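The values are calculated or read from the model by the stated rules, or taken from the named source; none is laboratory data. Since we're looking at a predicted model, the values are computed, not measured. Don't worry about glycine lacking a Cβ; one is built from the backbone with ideal geometry, like all the others, and counts go over all protein chains shown. Keep in mind that these areas ignore ligands, DNA and RNA; they rest on the heavy atoms of the full protein, side chains included. Shrake-Rupley method; radii C 1.70, N 1.55, O 1.52, S 1.80 Å.
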Amino acid sequence: QVQLVESGGGLVQAGGSLRLSCAASGRTFSNYAVGWFRQAPGKEREFVAAVEWSSGFTYVVDSVKGRFTISRDNGKNTVTLQMNSLKPEDTAVYYCAAKRGNIVSPRGYNYWGQGTQVTVSS
């Protein structure tokens with residue numbers, strides 16, 4: 001069974017940085033995409049970024065491009081979301097998710113972590 005465990009959330013001032021990690025276990029992740037989503041209170045869940053496990057190819061949505069970077073470490077079975085120049089509107093619960101499929105589409109994710117809270121103060 002696939003398990004995804006997020007860590008690294010917390011409270012940061014606007015303009016600061018946070019690094020989120022997703023520890024993946026339970027299978028080999030060849031042909032899998034691992035993505036990050038976020039959900040702010042009262043808002044729909046939003047797709048943020050994804051990485052193709054085998055190749056390392058990445059996709060980041062336009063709204064955070066240039067500030068957020070996603071990467072994976074095959075040896076440690078982790079996916080990292082580096083978030084820089086954080087804004088109060090980045091405040092949300094951030095979720096790691098996995099699926100078989102391409103990294104561009106936000107659909108089809110069937111494995112989810114429990115989420116980690118990110119709060120950006122102004």
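Against the list (1) free of Cβ contacts under 8 Å to residues at least 24 places away in the same chain; (2) assigned to a strand (DSSP E or B), the condition Thr80 fails is (1). Among the residues making up segment 108-122, a single one is touching a residue at least 40 places away in the same chain (Cβ under 8 Å), open to solvent by 50 Å² or more (accessible area, probe 1.4 Å), outside any strand (DSSP E or B) and not small (Gly, Ala, Ser): Gln114. One residue stands out in segment 88-107 among those that are modelled with pLDDT of 95 or more and among the small types (Gly, Ala, Ser): the one that is surrounded by the most Cβ atoms within 10 Å (Cβ to Cβ), namely Ala98. Considering only residues in segment 71-87 that are basic (Lys, Arg) and closer than 17 Å to Ser55 by Cα, the one that is most open to solvent (accessible area, probe 1.4 Å) turns out to be Lys76.
Looking at segment 2-19, is at least one residue in contact with an Asp or Glu (Cβ under 8 Å, 6 or more places away or on another chain) and not basic (Lys, Arg)? Within segment 2-19 (the criterion being in contact with an Asp or Glu (Cβ under 8 Å, 6 or more places away or on another chain) and not basic (Lys, Arg)), the answer is no, since none of the residues qualifies. Residues in segment 36-65 that are in a loop (DSSP other than H, G, I, E, B) and hydroxyl-bearing (Ser, Thr, Tyr) were compared, and the one that is least open to solvent (accessible area, probe 1.4 Å) is Ser55. Note on segment 1-35: among residues that are among the hydrophobic types (A, V, I, L, M, F, W, C) and not in a strand (DSSP E or B), the one that is surrounded by the fewest Cβ atoms within 10 Å (Cβ to Cβ) is Ala14.
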